[in-house]
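Novice: Here it is, the structure in full.
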Amino acid sequence: MGDIVSGERRISTEDLMVRAARAATGLEALGVKRGDTLAVYLRNDIPFLEASFAAGLVGAYPTPVNWHYTEDEARYLFENSGASAIVIHADMLGPVRGAIPAGVPVLVVETPPEIAAAYNIPAERCAVPAGMTDWASWLESFAPHAGDGAGAPGTIIYTSGTTGRPKGVRRHPPTPEQAAISARILTRNFSFEGYDPRYIVTVMAGPMYHSAPNAYGLTSTRIGAKVILQARFDAEDLLRLIESERVTHIHMVPIMFNRLIKLPEEVKARYDLSSLREVVHAAAPCPAPTKRAMIEWWGPVINEYYGSTETGAVVHCTSEQWLAHPGTVGKAFPEADVRVIDTEGNTLPAREIGEVVARVKTTADFTYHGDDQKRRDSEKVGLIAPGDIGYFDEDGFLYLCDRAKDMIISGGVNIYPAEIEAELHKMPGVADCGVFGIPDDEYGEAICAVVQPSEGATLTEAEVKAWLRQHVAGYKVPKRVDFHAALPREDSGKIFKRKLREPFWEGLDRRI
């Protein structure tokens, strides 16, 4: 079995599972039972894994919380999920204390030195407050739980909420056969298949409150790989870890690629990355120039998959397949039914743009926690509609155009912001960008681009429009260009377009 490493701390997977079993007994003593939820309000830390496995041992759902939440957002999740208990880092307790429902037990984790250093947290905020229950000492007071976790229902993941209130994806408890199949699928999807777990070394660079890093972290731990928890993503620190720990596998998102590529050439050349065997990425669109640059630098070890919290991964492509089909997100897995349909539900031929619908036929079904009607509304032609627009090519490779909710309809013409964003990302001096629709009296919607200039760069609206006129059709050039010092992004790389759009659509009945 491998080790879990966080800063200077190290614990064997075997010992971690014993601690999780003790915590499971403690959770039962608190009244947490099968079907309940345990809110996990933690950064990437060893107790995150302990709490998640502990919940599964008693048949409860671990429910990771996005620790960027405001008090109001945290209150919504605690109440919507019906959290039976909360596990939280000490420094994060104060800002959300008022959001914790009355009577819900709170278990506080001391904020460790590596996380405190990464986020500049004062020492006095890292300690468990007087009168609160300390996670570490609390679980040690219980004997290990006798169950084996075979009936673990899985994790409730709340969607990112970039276009509205997040929804809790609650999968039905799997049958033993479904659980075994899902475990095999995850091992394959994360490129662990064919590798002896004793020789897998991975870094958790992304936050485990997101669905893909959560599944990746739990799977890596479960199979006995060595798992290094990066307190906070830092591009050069990741390169250092790859070299010093001889990392073989990583799960990443495109925003990480962007930051790695922007490192000075002398920094990139400083580290030995030859240990890498499999790098998988997902969660957000990856600009083609960025991906090509990463493959040229790291070699053909970069694999991509596409799916959603609701469907799981449904398509996949290797570096070689992507280079042969630039821009694709992959080809359907054998157990996945993936289609592109029109508004009538008809399956469209190659190169015809429509809505992507999909389902993995072998996994347990899901609902949205507390909202079965919303779950029914998400289904089309018996498949799940994650909200993406795309098309297949003649070889069966899927390409995404945009999110359905992000599509701009201007004068009756469909415009896909992702296409405009991809061209803006190529423009010198552009560090980040977001394109969306704003109200327009004549056309219904007009295009607005918000651009984050690179450090030291100076851009004008005229320059941005002139650049785009060289690369996209005239009707796709934004009517308005704004500049922001930083764009609101999820750690997954997804832009919070809702926050960019809201000022323009405030008071109007339009998708914000």
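Here, each number is a calculation from the coordinates, and none is a lab measurement. Quick caveat, the model's predicted, so the values are computed rather than measured. Reconstructed Cβ throughout: ideal geometry from the backbone, glycine too, with neighbour counts over all protein chains shown.
Novice: Can you work out D for the chain in µm² s⁻¹ from Stokes-Einstein, where Rh is the Kirkwood radius over C-alpha pairs, the temperature is 4 °C and the viscosity is 1.567 mPa s?
Specialist: 54
Novice: Right, here's the next one. When the distances between all Cα atoms of the stretch 261-339 are binned every 10 Å from zero, what whole-number percent does each bin get?
Specialist: Going out from 0 Å in 10 Å bins, the stretch 261-339 shows 17, 45, 28, 8, 1 percent.
Novice: Show which aspartates and glutamates lie in cross-link reach of K331 when reach means a straight Cα distance below 12 angstrom and same-chain residues fewer than eight apart are skipped.
Specialist: E304, D393, E394, D395
Novice: Further, regarding this structure: For D371 and R184, compute 0.36 nm times the residue count separating them, minus their Cα-Cα distance, and round to one decimal in nm.
Specialist: Gain in length upon complete extension: 64.3 nm.
Novice: Within 10 Å of each residue's Cβ, count the other Cβ atoms and sort K476, K497 from fewest upward.
Specialist: In order of increasing Cβ crowding within 10 Å: K476, K497.
Novice: By its C-alpha gyration tensor, with a ≥ b ≥ c as the square roots of the eigenvalues, how is the stretch 55-143 shaped: rounded for a/c under 1.5, else prolate for a/b larger than b/c, else oblate?
Specialist: oblate
Novice: Is the shape of the stretch 160-293 best called rounded, prolate or oblate, per the rule: a/c under 1.5 gives rounded, else a/b larger than b/c gives prolate, else oblate, with a ≥ b ≥ c the square roots of the Cα gyration tensor eigenvalues?
Specialist: Details: a/c = 2.18, a/b = 1.34, b/c = 1.63.
Note, shape of the stretch 160-293 comes out oblate.
Novice: While we're here: Kindly identify the stretch 3-155 as rounded, prolate or oblate by the Cα gyration tensor criterion: order the square roots of the eigenvalues as a ≥ b ≥ c, call it rounded if a/c is under 1.5, otherwise compare a/b with b/c, prolate if a/b is larger, else oblate.
Specialist: Cα axes put the stretch 3-155 in the oblate bin.
Novice: Which entries of K374/K479; K167/K380; K476/K497; K291/K499; K380/K426; K268/K479 have Cα-Cα distances beyond 29 Å here?
Specialist: K374/K479; K380/K426; K268/K479
Novice: In whole percent, what relative contact order does the chain give with Cα contacts below 8 Å and a gap of six or more residues? Display every interim value, and only then the final one.
Specialist: Working: 1033 pairs, mean separation 57.4, N = 512.
The normalised contact order for the chain reaches 11 percent.
Novice: With r as the distance between the Cβ atoms of A485 and Y271 and R0 = 45 Å, compute the FRET efficiency 1/(1 + (r/R0)^6) and round to 0.05.
Specialist: Efficiency for this residue pair is about 0.90.
Novice: Which FRET efficiency value, to the nearest 0.05, is calculated for E320 and A130 with the Förster distance at 41 angstrom and r the Cβ-Cβ distance?
Specialist: Values: r = 58 Å, r/R0 = 1.42.
Once rounded, the FRET efficiency stands at 0.10.
Novice: While we're here: Taking 0.36 nm per intervening residue step and subtracting the Cα-Cα distance, what contour gain separates L348 from S12 on full extension?
Specialist: 115.9 nm
Novice: Now for a separate question. What full-extension length gain, to one decimal in nm, is calculated for D237 and L263 as 0.36 nm per residue of separation minus the Cα-Cα distance?
Specialist: 8.2 nm
Novice: Suppose R0 equals 25 Å. What FRET efficiency, 1/(1 + (r/R0)^6) with r the Cβ-Cβ distance, do Q470 and A293 give to the nearest 0.05? Please report the intermediate quantities before stating the final value.
Specialist: On the way: r = 21 Å, r/R0 = 0.86.
Rounded to the nearest 0.05, the efficiency is 0.70.
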